[in-house]
1. State the percentage of accessible surface on segment 32-159 attributable to carbon and sulfur atoms; use a 1.4 Å probe and exclude ligands, DNA and RNA.
2. For the chain, with a Gaussian network of springs between Cα atoms less than 10 Å apart, report the residue from A41, A28, A118 with the top mean-square fluctuation.
3. Principal axes first, then extents: for the Cα atoms of segment 1-139, list largest minus smallest coordinate on each axis, whole Å, largest first.
4. Please report the relative contact order for segment 75-174, taking Cα pairs under 8 Å with a sequence separation of at least 6, and give it as a percent rounded to a whole number.
5. Do you know the relative contact order of the chain, to the nearest whole percent, from alpha carbon pairs under 8 angstrom that are 6+ apart?
6. When ligands, DNA and RNA are left out and all protein chains stay put, how many square angstrom of accessible area per residue does segment 54-94 have with a 1.4 Å probe?
7. Measuring with a 1.4 Å probe in the full set of protein chains, what accessible area per residue, in whole Å², belongs to segment 101-174?
8. So what is the 222 nm mean residue ellipticity for the chain from helices alone, if each DSSP H run of at least 4 adds -39500 (n - 2.57) and you divide by all residues, rounding to the nearest 500 deg cm²/dmol?
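The values are calculated or read from the model by the stated rules, or taken from the named source; none is laboratory data. In this text the structure is predicted, and so the values were computed from the model without any measurement. Using ideal geometry, Cβ is built from the backbone for each residue, glycine included, and neighbour counts are taken over all protein chains shown. Just so you know, the surface numbers come from the protein's heavy atoms only, side chains and all, with ligands and any DNA or RNA stripped out. Shrake-Rupley method; radii C 1.70, N 1.55, O 1.52, S 1.80 Å.
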Amino acid sequence: MIRPIRLLGDPVLRSGTRIVERFDDELAALIDDLVETMYHADGIGLAAPQVGDERRVTVIDVGERRDGSEVIELVNPRILSSSGTIPSEEGCLSIPGLVETIERAAEVEVEYRNRSGATLSIRGTDLLGRALQHEIDHLEGTLFIDYLGSLQRRIVVQEWKKAMEAKGVAVGDG
Ligand SMILES: [Zn+2]
C-alpha cells in the first residue's frame, strides 16, 4: 500500500524510533509499504517515520531495476564503523525539491536484521554509503538539513516552506 509521505514540520520525523522486537506479519506489511511508497515517489530510500511509523525500519534501493530485486530492507540498523569524509548533494522525500551539499562519511559498515530476524551486515560507499547514513539518521529523528550551518538552514527551510505554500501545501516548523 502506498502511504502519504510526511513532510518537514511533521513531529513524527523528529520523534525517533523504537527497536523492533517482533518479526511478524505487521513488520512485513510495514516493509512492503515502505518499498512500494519509495518506488512510487521515485526515491532511493525511505524510513518508517516518513510514513508515520515509529519502528526502527528503513528500505534502500540504489539499483537501476527498481523492481524489488535489489532492495535492502534494514530492521534495527546501526552503524558499526565509518571512515573518511566526502561532500555530496543530497535531498529527501520529506523535503521535496530541496537539494544541498553536505559532508558524510565516505564508507560505512552497518549491521541490521532482515524481516525474518536474521542478523546481516553491509558495507557501503558512494550512493549506497550516503543512503545508509541518511536513512539511519531518520531513525534518530535527524534530517540532512541538520548538517547545514544554522543560518543557511534557516534560509533554505524558509524558501522551501514558501515554495510549498505556493503549491498549496501547508507545513509546520521542524
Ligand atoms: Zn530523507
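1. Looking at segment 32-159 in its full context, I get 45 percent from C and S.
2. Taking springs between Cα atoms under 10 Å, the residue moving most is A118.
3. Here the spans come out as 39, 32, 32 Å, largest first.
4. On the way: 129 pairs, mean separation 22.5, N = 100.
23 percent.
5. 24 percent
6. Working: 2070 Å² over 41 residues.
The answer is 51 Å² per residue.
7. 52 Å²
8. Only helices count here, giving -9000 deg cm²/dmol.
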